[in-house]
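Structure provided below as structure tokens; questions to follow.
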Amino acid sequence: TCALPILALTLHDSNGVVCGHQIRNLLPDAKPKYISRFYNSNTDVAWFNNGCKTLVITEDYLSAYRVHRDAGFTSMALLRTSLTDKTLMQIYDLEFKYVWIWLDSDEAGMKGAAKVSKTLRHFLPSDVKLFTISSEKEPKQCTPRQLDEMFS
């Protein structure tokens, strides 16, 4: 038998409940690269919520996981470069004090980060502190020490 060159990731909602999965095709230049499926309509992103009132928004699952595990923050993988109304309401309802946006440094990521920041500034209470990280490295490429430095 031949094993498929894919990686399957379990997606969780903001309460930690399994809500879907994402399949990553590991073949070079494979299309589509990612396929995300949600089992219910509660969310359309992947959360790593530990109750911390600092949220870090990333583009991909592994980056969100690394921020959660190594920096200790609540994190969320958009699984795209845009913010849906559903996700905006989840962020609002969880009452974060700090929100960091750290999307990829490519053109789509930079445009997406600017749009996400603008939307959050307009929608969230004025006492929520918003930050955007612009780095050639993605969170998944950083050491734990480098992640600490990014947020200090």
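Let me spell it out: the conditions are (1) among the acidic types (Asp, Glu); (2) more than 22 Å from Gln141 (Cα to Cα); (3) in contact with a Cys (Cβ under 9 Å, 6 or more places away or on another chain), and Asp85 meets all of them except one. Which number is the exception?
(3)
Each row is one residue, and each column tells you yes or no for (1) over 23 Å from Arg66 (Cα atoms); (2) without any contact (Cβ under 8 Å) to a residue 60 or more places away in the chain.
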{"site": "Gln90", "(1), (2)": "no, no"}
{"site": "Phe96", "(1), (2)": "no, yes"}
{"site": "Val99", "(1), (2)": "no, yes"}
{"site": "Asp106", "(1), (2)": "no, yes"}
{"site": "Ser117", "(1), (2)": "no, yes"}
{"site": "Pro125", "(1), (2)": "yes, yes"}
{"site": "Leu130", "(1), (2)": "no, yes"}
{"site": "Glu136", "(1), (2)": "no, yes"}
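Out of all the residues in the stretch 18-56, which are free of Cβ contacts under 8 Å to residues at least 24 places away in the same chain and closer than 19 Å to Arg69 by Cα?
Val18, Gly51, Cys52
Test Leu9 against the criterion of being hydrophobic (A, V, I, L, M, F, W, C) and over 16 Å from the mean Cα position of the chain (by Cα), and give yes or no. Explain how you work it out, then say what you get.
On the way: hydrophobic (A, V, I, L, M, F, W, C): yes; over 16 Å from the mean Cα position of the chain (by Cα): no.
So Leu9 does not fit the description; no.
Which of the strands (runs of 3 or more DSSP E) found entirely inside the stretch 1-74 contain at least 1 residues meeting this: of a type in the set (Ser, Thr, Tyr) and open to solvent by 50 Å² or more (accessible area, probe 1.4 Å)?
Values: elements: 6-12, 18-25, 34-38, 46-48, 54-58.
Answer list for the stretch 1-74: 6-12, 34-38.
The values are calculated or read from the model by the stated rules, or taken from the named source; none is laboratory data. The shown structure was predicted, so the numbers you read here are calculated from the model rather than taken from an experiment. All Cβ positions, glycine included, derive from the backbone under ideal geometry; neighbour counts span all protein chains shown. What goes into the accessible areas is simple: the full protein's heavy atoms, side chains included, and nothing from ligands, DNA or RNA. Shrake-Rupley method; radii C 1.70, N 1.55, O 1.52, S 1.80 Å.
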